[in-house]
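The values are calculated or read from the model by the stated rules, or taken from the named source; none is laboratory data. Just so we're clear, the structure is a prediction, and the values are computed from it rather than from any experiment. Cβ: placed from backbone, ideal geometry, glycine included. Neighbour counts: every protein chain shown.
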Amino acid sequence: MITFNVPPYVDKAAGYIQECVKNQKICGDGAYTKKCNEWIEERTGTTKCLLTTSCTHATELAALLAQIQPGDEVIMPSFTFVSTADAFVLRGAVPVFVDIRPDTMNIDEKLIEAAITEKTRAIVPVHYAGVSCEMDTIMDIAKRYNLVVIEDAAQGIMSSYKGQALGTIGDFGCFSFHETKNYSMGEGGALLIRDQKDVEDAEIIREKGTNRSKFYRGQIDKYTWINYGSSYLPSDMNAAYLYAQLEIADEINDARLACWNRYYERLTPLADEGKITLPTVPEGCVHNAHMFYIKAKDVEERTELIAFLKEKGIHSVFHYIPLHSAPAGIKFGRFHGEDKYTTSESERLTRLPMFYGLTLEQVDYICDMVIKFYA
Ligand SMILES: *Cc1c(COP(=O)(O)O)cnc(C)c1O
């Protein structure tokens, strides 16, 4: 069976974790957390990176920093993971869902402006499959309407838009290091902060509302409770696990891209015949091969394709159920405008196996079977 995902693992991780254990330094903000933060800062060019317990928590932290209040509206796509909305619903805000573009499955930047009301406070672009949203347009709208931009870059580490790393363009960017992502620490994430003015507040909210980070740096002689906050620090053991992967981030990225390119090349003839649709990577976008998906004709054909591949020992999956059609989405949010593509395009989409360690021979076999299905 070729499974859909195998969590990334690098041998050195075991030694790094052992080091944490031996030194009895396993709590948050230890040596490996610092190494990960610095690696991400250097690699992306963000002002500040703070490792968190998840991308969900990084987004919650961003919602707190953006001072999202009950009744505020936050514009986002409906075709996304629940966390994109949850972080704002927890603050009492209303997710306002906007339709996606069929080519990238990202929020349609041309529909955002019409969804803005006097209650709108933020835009949350989700970079689906690690392919960037049209950020120039989104940042221009945000500037004109004075809105905060929080990038859900859960899938977007190592990707860029016109040379800028995803997660560094908006006020805040959120990465995920869940085991289904390109780099993993089991559960974990990171908040990227663009502006220096937000750094101190972020450190305080992440440390239960205290100025403990300053205390640890020796900048103050005792720490105290100075704002609301929560606990968003991962254990240094998890950071150690992640750091081993970051050290060879390019190697992992290249291996994934090689698989992605092979899928693309092998399945292009089917796309040319009009039988399937392949993903689009717009000009100026560099992606990280987070996923490879194809789109079938409709939901019936997709169901048959997934069943056929399963018979051939290949685990392929679909997602997402659009948030606006889910019980919580109906309760907490609303869809602005027409759902022209969100539901219909999401029903066509199938994700093929993609992970660090997948071989080109396996990709060839999977492509053979997809081609066989359509023969
Ligand atoms: C994975 C994912 C998340 C959640 O990440 P966690 O680290 O599991 O909290 C949020 N948004 C998107 C788009 C994701 O793919």
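Structure values in brief
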{"quantity": "Single residue of ARG144, ARG194, ARG217 found to be among the basic types (Lys, Arg), over 19 Å from the mean Cα position of the chain (by Cα), modelled with pLDDT of 95 or more and more than 16 Å from the ligand (Cβ to nearest atom)", "calculated": "ARG144"}
{"quantity": "Filtered residue count, the stretch 49-74, keeping only those that are polar (S, T, N, Q) and closer than 23 Å to VAL98 by Cα", "calculated": "4"}
{"quantity": "Output for the stretch 147-167, where each listed residue is under 12 Å from ALA122 (Cα atoms), away from the ligand (no atom under 16 Å from the Cβ) and either of a type in the set (Gly, Ala, Ser) or in a strand (DSSP E or B) (or both)", "calculated": "VAL148"}
{"quantity": "Residue, farthest from the chain's Cα centre (by Cα), within the stretch 96-137, restricted to residues that are within 13 Å of the ligand (Cβ to nearest atom) and outside any loop (DSSP other than H, G, I, E, B)", "calculated": "ILE100"}
{"quantity": "Meets criteria (under 24 Å from LEU352 (Cα atoms) and without any contact (Cβ under 8 Å) to a residue 40 or more places away in the chain) for ASN261", "calculated": "yes"}
{"quantity": "Positions within the stretch 168-182 being in a loop (DSSP other than H, G, I, E, B) and either within 12 Å of the ligand (Cβ to nearest atom) or over 15 Å from MET135 (Cα atoms) (or both), in sequence order", "calculated": "PHE177, HIS178, GLU179, THR180, LYS181, ASN182"}
{"quantity": "So ARG334, is it surrounded by 15 or more Cβ atoms within 10 Å (Cβ to Cβ) and either in contact with a strand residue (DSSP E or B) (Cβ under 8 Å, 6 or more places away or on another chain) or at pLDDT below 95 (or both)", "calculated": "no"}
{"quantity": "Search result, residues across the stretch 197-251 that are among the small types (Gly, Ala, Ser), under 20 Å from LYS48 (Cβ atoms) and in contact (Cβ under 8 Å) with a residue 12 or more places away in the chain", "calculated": "ALA202, GLY209, SER213, GLY229, SER230, SER231, ALA239, ALA249"}
{"quantity": "Matching residues, the stretch 216-245, being of a type outside the set (Gly, Ala, Ser) and closer than 19 Å to ILE26 by Cα", "calculated": "TYR216, ARG217, TYR232, LEU233, PRO234, ASP236, MET237, ASN238, TYR241, LEU242, TYR243, GLN245"}
{"quantity": "Positions within the stretch 165-182 being more than 9 Å from the chain's Cα centre (by Cα) and of a type in the set (S, T, N, Q), in sequence order", "calculated": "THR168, THR180, ASN182"}
{"quantity": "Spans of helices (runs of 4 or more DSSP H) in the stretch 264-375 with at least 1 residues among the hydroxyl-bearing types (Ser, Thr, Tyr)", "calculated": "299-311, 342-346, 360-374"}
